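Read the figures in this text as sums done on the coordinates, not as results from a lab. These numbers come from a predicted model, not from an experiment. Here the Cβ positions follow ideal geometry from the backbone for every residue, glycine too, while neighbour counts run over all protein chains shown.
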Amino acid sequence: MLRVGIYARVSTLDQQTLPMQIRALREYAAKRGWVVVVQVKEVGSGAAARQLRQQLMDAARRRDIDVVLVWRLDRWGRSVADLVSTLQELTELGVGFVSLTEALDLTTPTGRAMAGLLAVFAQFEHEIMRERVRAGLDHARQQGKRLGRPPSVVHQAAQVRKLFRQGISKSEIARRLDIGRTSVRRFLSAYSSQA
């Protein structure tokens, strides 16, 4: 008899489906003859780290469970890359994974083949994101935008002092040199105290 860990998650706007997920997951486990040894319910947005999911991963690492059972893949993974990395870890641990509504069962040969396809899609997603970032940076450079950290007042200390001695306001110095007003004020107050 396999020991199963159930994971159900909802966003804060979707809390009414949590009992429905738990009920369906427990019924599925019972039909398969599995014993539910861990049940995790999590409420939170998709972008946030899923801290309670970690409890299930820890149970898998301790070999307390043989299978992880979830309602849908998007309930488990934050992204394709996150999904693939956790599924890969579960596979390496010898722990099965079943997504009820997608009929994805990594305890079967067909399910393991699907996991391989997910890995390909995760790599594809990663490459697309890299290309978009590069294209965005290239576009910004072509538009004359300066990239990286903003210039520090320390690198333009001589110019700041010179403009200040000419009677130019701190705000105007910051605007002309394209540095923060607070940085200019701090620098000049330290400079005045040293003089």
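So, with +1 on the Cβ of K and R and -1 on the Cβ of D and E, and no other charges, what is the size of the charge dipole of the stretch 61-146 about its Cα centre, to the nearest 20 debye?
Values: 13 positive and 12 negative charges, 111 e Å.
That gives the stretch 61-146 a dipole magnitude of about 540 debye.
Diffusion coefficient of the chain by Stokes-Einstein, Kirkwood radius over Cα pairs, 20 °C, 1.002 mPa s: 102 µm²/s.
Taking the DSSP beta bridges in the chain as the whole, what percent of them are antiparallel, to the nearest 5? Please report the intermediate quantities before stating the final value.
Details: 2 of 18 bridges.
Percentage antiparallel, nearest 5: 10.
Toward the positive end of the charge dipole of the chain, with +1 on the Cβ of Lys and Arg and -1 on the Cβ of Asp and Glu, the farthest Cα among His155, Ala103, Ala113 is that of His155.
Placing +1 on each Lys and Arg Cβ and -1 on each Asp and Glu Cβ, with no other charges, gives the chain a dipole about its Cα centre of roughly 1400 debye. Amide H contacts of Asp66: Arg3, Val4, Gly5, each under 5 Å away and 5 or more positions distant or on a separate chain (H built 1.01 Å from N in the peptide plane; Pro and chain starts excluded).
As a check on your grasp of the helix formula, calculate [θ] at 222 nm for the chain: sum -39500 (n - 2.57) over DSSP H runs of n ≥ 4, divide by the residue count, round to the nearest 500.
Numbers: 8 runs with 109 residues, N = 195.
Computed ellipticity for the chain at 222 nm equals -18000 deg cm²/dmol.
Based on C-alpha pairs under 8 angstrom that are at least 6 apart in sequence, the chain has a relative contact order of 15 percent.
Most simply put, the stretch 1-107 has about 10% antiparallel DSSP beta bridges, counting only bridges with both residues inside it. For a straight C-alpha distance cut-off of 16 angstrom, the lysines reachable from Lys162 (same-chain residues fewer than eight places away being disregarded) are Lys170.
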